[in-house]
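In what follows, a structure is listed as structure tokens, so that the remarks can point back to it.
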Amino acid sequence: MDTSPPERRPAPLVRPATEADAEEIFRVHSESIRVLCSGKYEPEEIAAWVAVRSPASYRVALASRELFVAEWQGEIVGFGQLDPEKAEIEACYVAPGAIGAGVGAALLFRMETSALRRGHSVVRLNSTLNAEGFYARCGYRWLGRATHRVSGRVDLACIRMEKTLA
């Protein structure tokens, strides 16, 4: 991966995900959870969160969701998942080494644009506790505390947020 400071990297390429991307999406998602969420969630929560993921789960999601990947120099460094019917952003994860370089913002913009094209004027999401500030900087407003069930035994604390689209 490019080791230059984030502000010197070119903007990431954001494109629709394909089945062939599933392994890399899994890698980025798992890494992001393990590294970036460790300051806000307990080890048991992180373990359960990662355990329910597999490359196959992203292939299944492609049937009913819009998945996008962000690439730098041919390497996937982020992914996003949108429920196009509900205008619900279900995932926006960035590889730890790409944080602060505009990857998350580029993914959000792509998902927001897709929702807007489908006639939605508002998008919603459940933010992880560590990403609340990022979403606020991107124009999302706080709606309240929420939980996200990752397994039969584990509910993750999160923040419900929304953004009105132009």
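The values are calculated or read from the model by the stated rules, or taken from the named source; none is laboratory data. Bear in mind that the values here come from a model prediction, so they are computed numbers and not experimental data. Every residue, glycine among them, receives a Cβ derived from its backbone with ideal geometry; neighbour counts consider all protein chains shown.
Counting the residues of region 35-56 that are in a helix (DSSP H, G or I) and either closer than 21 Å to LEU108 by Cα or in contact with a His (Cβ under 6 Å, 6 or more places away or on another chain) (or both) gives 2. Looking across region 132-147, not a single residue is under 14 Å from the mean Cα position of the chain (by Cα) and modelled with pLDDT under 95. Considering each residue of region 106-116 in turn, none proves to be buried (at least 16 other Cβ atoms within 10 Å of the Cβ), assigned to a strand (DSSP E or B) and of a type in the set (Ser, Thr, Tyr). Annotation: of all residues in region 24-62 being within 20 Å of TRP72 (Cβ to Cβ) and among the acidic types (Asp, Glu), the one that is surrounded by the most Cβ atoms within 10 Å (Cβ to Cβ) is GLU24.
Going by the structure shown, is GLU71 over 16 Å from GLU31 (Cβ atoms), in contact (Cβ under 8 Å) with a residue 24 or more places away in the chain and surrounded by 16 or more Cβ atoms within 10 Å (Cβ to Cβ)? Answer is no for this residue.
A residue that is in a loop (DSSP other than H, G, I, E, B) and under 13 Å from the mean Cα position of the chain (by Cα) cannot be found anywhere in region 66-89. Does any residue in region 83-103 that is within 12 Å of PHE134 (Cα to Cα) come within less than 8 Å, Cβ to Cβ, of a residue that is among the β-branched types (Val, Ile, Thr) and surrounded by fewer than 23 Cβ atoms within 10 Å (Cβ to Cβ) six or more places away or on a different chain, and which pairs are these? Sorted first by the residue in region 83-103, then by its partner, the pairs are TYR93/ILE33. If we scan region 106-118, do we find a residue that is over 18 Å from LYS163 (Cα atoms) and of a type outside the set (Asp, Glu)? Looking for residues that are over 18 Å from LYS163 (Cα atoms) and of a type outside the set (Asp, Glu), one finds none in region 106-118, hence no.
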